[in-house]
Amino acid sequence: MPAANIADLYRSLRKGREDGKDSAGAGDFYYGEMEMRRRAANRAERILLWAYWLISGYGMRAWRALAWLVLVLVTASVVVLHAGYTRPAPITAVLRNPSGGVVYQLKTAAPAARLNPPQAVELTLGAALFRDETQNLRPAGRWTLLIVRLLGPVLIGLALLAVRGRLTR
């Protein structure tokens, strides 16, 4: 029997379980339906369904989505720590009198040459959870935080979807 027909059969069984208020049984049939859909799909859809399975177990495995979130945050923190931050220049302010003489000169100390690990983690978490304005980032750091800004909410959403599914069972 072709995988597409088996997917339709699983879908019908899932629908019957949902109508009977059996969420746990419906979840099992949903998982089987998605597996058969993946096997019957064309190449592009198969890749998307495979990624959905890998990242969150078809929206049913919260720990997978959270593990991927931690992996993304740790990787992004390492990239920002080692390649994404540039040292800002020290600030110099000079106050002159009308004749041109220097009245007061203020020089700030040069900031640290690079981020320390807690600062990199804080910067990455800020990008994942909030819209954090960042300064002194190299292109590698900006792109890394952009990717975190995209993946962070998606992975959190998949984890919440899985938790919601667990709570309704």
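The values are calculated or read from the model by the stated rules, or taken from the named source; none is laboratory data. Please read these numbers as outputs of a predicted model, since none were measured by experiment. Virtual Cβ from ideal backbone geometry, glycine too; neighbours counted across all protein chains shown. Note: areas computed on protein heavy atoms with side chains; ligands, DNA, RNA excluded. Shrake-Rupley method; radii C 1.70, N 1.55, O 1.52, S 1.80 Å.
In the stretch 36-57, the count of residues that are in contact with a Ser or Thr (Cβ under 8 Å, 6 or more places away or on another chain), over 17 Å from A162 (Cβ atoms) and surrounded by 14 or more Cβ atoms within 10 Å (Cβ to Cβ) is zero. Suppose the filter is in contact with a helix residue (DSSP H, G or I) (Cβ under 8 Å, 6 or more places away or on another chain), under 30 Å from P117 (Cα atoms) and of a type in the set (S, T, N, Q); does S77 pass it? Here the answer is yes, as S77 does meet what is asked.
Taking the numbered list (1) on the phi < 0 side of the Ramachandran plot; (2) modelled with pLDDT of 80 or more; (3) open to solvent by 50 Å² or more (accessible area, probe 1.4 Å) in turn, K21 passes all entries but (1). From the list A4, A44, A26, exactly one residue is part of a helix (DSSP H, G or I), over 30 Å from G141 (Cβ atoms) and in contact with a Lys or Arg (Cβ under 7 Å, 6 or more places away or on another chain). Which is it? None of the others qualify; the one that does is A26. Taking the condition at pLDDT 75 or above and not small (G, A, S), does L145 pass? Yes.
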